[in-house]
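S.K.: Before I ask anything, let me first share the structure, which is written out below as structure tokens.
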Amino acid sequence: MTKPADEIERLRREIRHHDRLYYVAAAPEITDLEYDRLLNRLKELEAAHPEMVSPDSPTQRIGDSAVGELPQVEHRNPMLSIDNTYSLDELRAYGDRIAKLLPGEAIEWVVELKVDGVAVALLYHGGQLRQAATRGNGRIGDNITHNMRTLRDIPLSLEGDFPAEIEIRGEVYITNSDLSRMNEEQEARGETLFANPRNAAAGAVRLLDPREAARRRLRFFAHSVGNADDLAAQSHMEFLAEVRGYGLPVTPHVESFPDFAAALAYCEAIVDRLDELDFEIDGLVLKVNRFDQRRRLGATSKSPRWAIAYKFEKYEAVTQVLDIRVHVGKTGAITPVAHLEPVTLAGTVVQRASLHNADEIERKDVRIGDYVVVEKAGKIIPHIVRTEIHRREAELPQFQFPTRCPECGTQAVKDEGGVYIRCPNPSCPAQLRERLRYFAGRNAMDIEGLGDKLVDQLVSDQLVRSFGDLYRLAPGQLADLERMGKKSSEKLVESIAASKQRGLARLLNALSIRHVGTRVATVLADQFLSMQKLANADIERLSDTNEIGPVIAQSVFDFLHSDYGQATIADLASVGVTMEAPRELLAAADGVLAGKTLVVTGTLERHSRDEMEELIASHGGRAASSVSKNTDYVVAGEKAGSKLAKAQKLGVPVISEVEFERLLAGESTEELAP
């Protein structure tokens with residue numbers, strides 16, 4: 001028979017395991033009901049054996065009584081604010097300033113979401129949560145330990161190999177979905193509604209009664225370290241990985257980049273993809289990755305020099321959902337779109353907002369007739385933040401997502417392990433229209449004169465059934481179409497013909513391959529140089545390409561080996577569309593580094609990181625960001641870290657900057673063999 005002590009310990013381990021899966025990994029294995037049964041069983045056992053109750057037990061998250069006041073806490077290391085800007089030009093100027101402060105050094109940058117919540121510092125001693133405090137004035141904050149113990153994504157005891165003492169800083173926030181439910185409950189109780197998630201979180205963390213704080217559904221993301229004894233991490237990305245190992249959730253969608261230009265490009269690109277988040281952000285934070293460089297950069301009296309926030313102004317309004325209709329995109333994704341009562345945001349009239357997918361509609365519980373909060377932040381396309389459920393005057397029917405493509409009637413399928421429902425028919429007229437529009441776009445084949453309305457006519461009149469058909473059009477076929485005549489038809493045919501020479505990168509982008517946009521297309525074209533070589537590459541070779549990875553690799557491979565993909569490529573080749581990279585890149589393919597993969601790491605004396613990558617590419621080589629068994633050389637400068645260690649472990653030749661120059665000069669490399 002199982003002893004009570006053994007069962008109590010087993011239940012605690014199991015509950016902590018499921019807390020981590022739910023809050024850190026976002027991959028729950030059991031239902032809420034099953035979780036509650038585990039927790040209730042633990043409560044029963046601890047009630048029967050009170051001598052076995054420990055402070056870090058999952059049952060001890062909510063205290064029995066309110067505290068009388070909030071004692072003040074002095075931060076060992078000040079919680080400084082971060083300088084911010086709303087301008088990309090000012091952001092570039094900041095990057096230039098940091099480069100001048102670290103002359104000649106390669107500076108890796110991290111970009112992370114600036115969560116719009118409440119800054120909090122968690123102090124763990126011996127792996128146990130000892131104290132939680134607000135930022136306050138940066139030096140002195142309020143002790144809110146009693147409230148932070150109610151958050152299930154803040155572990156009461158750390159896992160893994162943790163320091164003896166560590167202060168982890170992060171943001172306490174409330175999701176938009178939870179705010180909608182909370183306001184519905186507030187309305188039912190006749191209490192004041194919460195204006196927005198941040199205000200609700202700010203009020204909750206300072207409540208005296210932890211039971212009331214628990215009702216607010218607070219969440220937490222870790223994003224930085226205050227102080228620590230013997231922290232293993234030497235960089236921000238390593239620190240985040242370490243914190244995940246302790247059992248804490250970290251800010252999602254964090255990316256690292258080899259230089260500031262790449263980080264800045266990511267900032268410009270990601271803002272259009274932030275509207276599916278279920279929590280508020282008010283910008284992005286750029287941070288120097290390496291801790292040793294941070295220490296040398298130091299801080300002013302108010303802010304660290306190694307970080308800056310790129311913020312964007314936000315505009316909100318409340319309006320009503322008049323209808324929800326679905327749209328079929330170029331990759332077959334069936335996207336629901338909310339048609340709204342017109343509302344003005346930042347000087348523009350908003351009438352539509354994407355709802356993205358079926359899961360998004362369910363999560364936000366958006367129904368026709370609902371009042372919703374619509375937001376526009378910076379350049380972001382207006383999106384629905386949350387539903388004002390408390391304003392729902394009658395029971396509204398839930399939106400029924402179509403099971404078949406609304407255009408061609410094909411049975412819709414859901415992505416395996418994903419959220420999008422798609423029409424799998426590549427000949428679907430709706431997909432063809434969207435693909436043609438994208439194909440003709442400025443960043444793709446750049447066909448001047450091929451606008452949306454003309455594309456609609458070409459598809460509806462069945463003059464174009466594929467990309468290749470565009471190149472078979474004759475002026476006589478176009479002259480009778482709406483808004484077309486002899487001269488405009490001839491000009492369009494000339495523009496289409498000129499697009500044949502756009503090159504491999506633009507063509508790859510134009511083909512509407514899932515996960516392949518302008519940047520990925522350029523990387524693939526630079527590395528493989530021709531469509532034939534790209535088609536001959538296996539998934540491992542594609543995955544090993546810098547900036548690609550397994551998901552993109554699988555998508556590219558699947559497209560190029562599908563019946564539709566092969567037919568499309570063959571058809572375009574038959575009408576004379578160029579399937580190769582520009583001549584200068586092809587010439588480089590015969591260089592001394594042809595077919596070689598090199599990784600550059602550490603601080604270099606004679607060349608910048610960008611110059612090294614340009615030299616590698618111009619001599620036919622491939623500059624990769626990570627070391628693998630397929631790496632031919634690692635060029636190591638001073639203070640080379642984990643990449644050097646991995647190269648030595650795998651037996652990859654490690655060379656200096658001088659030896660790299662010898663390679664470019666065509667000198668013998670036999671003595672460099674491992």
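The values are calculated or read from the model by the stated rules, or taken from the named source; none is laboratory data. Just so you know, these numbers come straight off a predicted model, no measurement behind them. Heads up, the Cβs are rebuilt from the backbone with ideal geometry, glycines too, and the neighbour counts pull from every protein chain shown. Ligands, DNA and RNA are stripped out before the accessible areas are found, and what is left, the full protein with its side chains, is counted by its heavy atoms. Shrake-Rupley method; radii C 1.70, N 1.55, O 1.52, S 1.80 Å.
S.K.: Kindly indicate which of 153, 161 is touching a helix residue (DSSP H, G or I) at 6+ places or on another chain (Cβ under 9 Å), open to solvent by less than 60 Å² (accessible area, probe 1.4 Å) and at pLDDT below 90.
M.R.: Values: 161 fails: open to solvent by less than 60 Å² (accessible area, probe 1.4 Å).
Testing whether each residue is touching a helix residue (DSSP H, G or I) at 6+ places or on another chain (Cβ under 9 Å), open to solvent by less than 60 Å² (accessible area, probe 1.4 Å) and at pLDDT below 90 leaves just 153.
S.K.: Evaluate segment 530-547: report whether one residue or more is under 23 Å from the mean Cα position of the chain (by Cα), crowded, with 19+ Cβ neighbours inside 10 Å and touching a residue at least 60 places away in the same chain (Cβ under 8 Å).
M.R.: Yes, the conditions are met somewhere in segment 530-547.
S.K.: So which residues in segment 441-453 are out of contact with any Ser or Thr (no Cβ under 6 Å at 6 or more places or on another chain) and surrounded by fewer than 20 Cβ atoms within 10 Å (Cβ to Cβ)? Spell out how you get there, then give the answer.
M.R.: Filtering segment 441-453 down to residues out of contact with any Ser or Thr (no Cβ under 6 Å at 6 or more places or on another chain) leaves 441-442, 444, 446, 450-453.
Selection gives 441, 442, 446, 451, 452, 453.
S.K.: Now for a separate question. Considering only segment 592-612, I want to know if a residue exists there that is under 29 Å from residue 435 (Cβ atoms) and free of Cβ contacts under 8 Å to residues at least 60 places away in the same chain.
M.R.: No, that holds for no residue.
S.K.: If residue 441 passes every condition in (1) touching a helix residue (DSSP H, G or I) at 6+ places or on another chain (Cβ under 8 Å); (2) under 22 Å from residue 568 (Cα atoms); (3) among the small types (Gly, Ala, Ser); (4) not in a loop (DSSP other than H, G, I, E, B) but one, which one does it miss?
M.R.: For residue 441, the failing item is (4).
S.K.: Moving to a separate point now. Does segment 643-650 contain at least one residue that is in a loop (DSSP other than H, G, I, E, B), closer than 26 Å to residue 235 by Cβ, at pLDDT 80 or above and more than 27 Å from the chain's Cα centre (by Cα)? Let's see the steps before the verdict.
M.R.: Kept after step one, since they are in a loop (DSSP other than H, G, I, E, B), are these residues of segment 643-650: none.
No.
S.K.: Also, I was wondering about something else. Among the residues of segment 326-364, which ones are within 18 Å of residue 280 (Cβ to Cβ), out of contact with any His (no Cβ under 9 Å at 6 or more places or on another chain) and not in a strand (DSSP E or B)?
M.R.: Within segment 326-364, 346, 360, 363, 364 qualify.
S.K.: Can you say whether residue 240 is touching a strand residue (DSSP E or B) at 6+ places or on another chain (Cβ under 9 Å), among the aliphatic types (A, V, I, L, M), open to solvent by less than 20 Å² (accessible area, probe 1.4 Å) and farther than 27 Å from residue 132 by Cβ, as far as the supplied structure shows?
M.R.: no
S.K.: Something else about it: List every residue pair whose Cβ atoms sit under 9 Å apart, with the two residues 6 or more apart in sequence or on different chains, where the first one lies in segment 232-251 and is of a type in the set (Asp, Glu) and the second, anywhere, is in a loop (DSSP other than H, G, I, E, B).
M.R.: These pairs meet every condition: 238/232; 238/289; 242/160; 242/161; 242/162; 242/231; 242/232; 242/233.
S.K.: So, in segment 365-379, how many residues would count as being modelled with pLDDT under 90 and either within 13 Å of residue 176 (Cα to Cα) or touching a Lys or Arg at 6+ places or on another chain (Cβ under 9 Å) (or both)?
M.R.: Of the residues in segment 365-379, the ones modelled with pLDDT under 90 are 375-379.
Among the residues that remain, those that are also either within 13 Å of residue 176 (Cα to Cα) or touching a Lys or Arg at 6+ places or on another chain (Cβ under 9 Å) (or both) are: 375-378.
So the answer is 4.
S.K.: Might you check whether a residue that is modelled with pLDDT of 85 or more, open to solvent by 30 Å² or more (accessible area, probe 1.4 Å) and under 30 Å from residue 640 (Cβ atoms) occurs anywhere in segment 300-307?
M.R.: Scanning segment 300-307, I find at least one residue that is modelled with pLDDT of 85 or more, open to solvent by 30 Å² or more (accessible area, probe 1.4 Å) and under 30 Å from residue 640 (Cβ atoms), so the answer is yes.
S.K.: To continue, here is another question. Does segment 167-185 include one or more residues that are in contact (Cβ under 8 Å) with a residue 40 or more places away in the chain, farther than 16 Å from residue 278 by Cα and open to solvent by 40 Å² or more (accessible area, probe 1.4 Å)?
M.R.: The answer is yes, given that some residue of segment 167-185 is in contact (Cβ under 8 Å) with a residue 40 or more places away in the chain, farther than 16 Å from residue 278 by Cα and open to solvent by 40 Å² or more (accessible area, probe 1.4 Å).
S.K.: Residue by residue through segment 404-440, note down the ones that are open to solvent by 80 Å² or more (accessible area, probe 1.4 Å), modelled with pLDDT of 90 or more and within 29 Å of the chain's Cα centre (by Cα).
M.R.: Of everything in segment 404-440, just one residue is open to solvent by 80 Å² or more (accessible area, probe 1.4 Å), modelled with pLDDT of 90 or more and within 29 Å of the chain's Cα centre (by Cα), namely 414.
S.K.: All but one of (1) surrounded by 18 or more Cβ atoms within 10 Å (Cβ to Cβ); (2) assigned to a loop (DSSP other than H, G, I, E, B) hold for residue 594, so report the exception by its number.
M.R.: (1)
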